[in-house]
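Asker: One structure coming up, written as structure tokens, with questions to follow.
The values are calculated or read from the model by the stated rules, or taken from the named source; none is laboratory data. Just so it is clear, the structure is predicted and the values come from calculations on it, not from any experiment. For neighbour counting, all protein chains shown are included, and Cβ atoms are generated from backbone atoms with ideal geometry for every residue, glycine included. When the accessible area is computed, the model is the full protein with side chains, heavy atoms only, and any ligands, DNA or RNA have been set aside. Shrake-Rupley method; radii C 1.70, N 1.55, O 1.52, S 1.80 Å.
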Amino acid sequence: MEYRSRIMYLLKTNNPISLYQLAESLDAIQDFTHCDLGSLNSLQLIELCDEAAAWIANEPIVFDEENGLAIFEFSPSGVAWLRNNSAALKDIGPDAAALSALDGADGTLYAVDTF
């Protein structure tokens, strides 16, 4: 399964092993509390939000080079920045309500990036 276009999500889960199902199909994203980050990609995210840059230094939880999928832990302060700077994200299109839902969900925060 190769991803034809770049897609990026933030999600929360208490079960990091469950993230491996995303390597089989991104349709499984519906099983998680998640936020579609619109056309935002990891490089733009790092440029926009210094708080988000820390996740890129960590090893990925899931890395599937053949299919172009990487999942990293993500900083909760990065979500707060995204939510509080919605004007900077106007053309990119993350869902502000979905970002807020991440705050109320249990679990660890992850970024799912396709390449």
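Asker: Looking at Ile92 and the list (1) at pLDDT 80 or above; (2) part of a loop (DSSP other than H, G, I, E, B); (3) among the hydrophobic types (A, V, I, L, M, F, W, C), which single condition is not satisfied?
Answerer: All conditions are met except number (1).
Asker: List pairs: first residue in region 24-35 and without any contact (Cβ under 8 Å) to a residue 40 or more places away in the chain, second residue among the hydroxyl-bearing types (Ser, Thr, Tyr) and open to solvent by less than 20 Å² (accessible area, probe 1.4 Å) anywhere in the structure, Cβ distance under 8 angstrom, at least six positions apart or on different chains.
Answerer: From residues that are without any contact (Cβ under 8 Å) to a residue 40 or more places away in the chain, the pairs are Phe32/Thr13.
Asker: I'd like to check something: does region 69-78 contain any residue that is part of a loop (DSSP other than H, G, I, E, B) and out of contact with any strand residue (DSSP E or B) (no Cβ under 7 Å at 6 or more places or on another chain)? Explain how you work it out, then say what you get.
Answerer: Residues of region 69-78 that are part of a loop (DSSP other than H, G, I, E, B), as a first pass: 74-75.
Filter once more, keeping what is out of contact with any strand residue (DSSP E or B) (no Cβ under 7 Å at 6 or more places or on another chain): 75.
Looking through region 69-78, at least one residue is part of a loop (DSSP other than H, G, I, E, B) and out of contact with any strand residue (DSSP E or B) (no Cβ under 7 Å at 6 or more places or on another chain).
Asker: On to the next question. So, in region 15-40, exactly how many residues are under 15 Å from Ala105 (Cβ atoms) and among the β-branched types (Val, Ile, Thr)?
Answerer: Final tally of qualifying residues: 2.
Asker: Is it fair to say Leu102 is open to solvent by less than 30 Å² (accessible area, probe 1.4 Å) and in contact with a Lys or Arg (Cβ under 9 Å, 6 or more places away or on another chain)? Quick ask: steps written out before the conclusion?
Answerer: Numbers: open to solvent by less than 30 Å² (accessible area, probe 1.4 Å): yes; in contact with a Lys or Arg (Cβ under 9 Å, 6 or more places away or on another chain): yes.
The answer is yes for Leu102.
Asker: Here's something else I'd like to know. Within 18 Å of Asn14 (Cα to Cα) and at pLDDT 80 or above: does that describe Thr114? Talk me through it step by step, then tell me what you get.
Answerer: Working: within 18 Å of Asn14 (Cα to Cα): no; at pLDDT 80 or above: yes.
Against the criterion (within 18 Å of Asn14 (Cα to Cα) and at pLDDT 80 or above), Thr114 does not qualify.
Asker: Further question: Suppose we filter Leu40, Leu11, Leu22 for residues that are at pLDDT below 80 and open to solvent by less than 20 Å² (accessible area, probe 1.4 Å); which single one remains? It would help to see each step written out before you state the result.
Answerer: Details: Leu11 fails: at pLDDT below 80; Leu22 fails: at pLDDT below 80.
Answer to the selection: Leu40.
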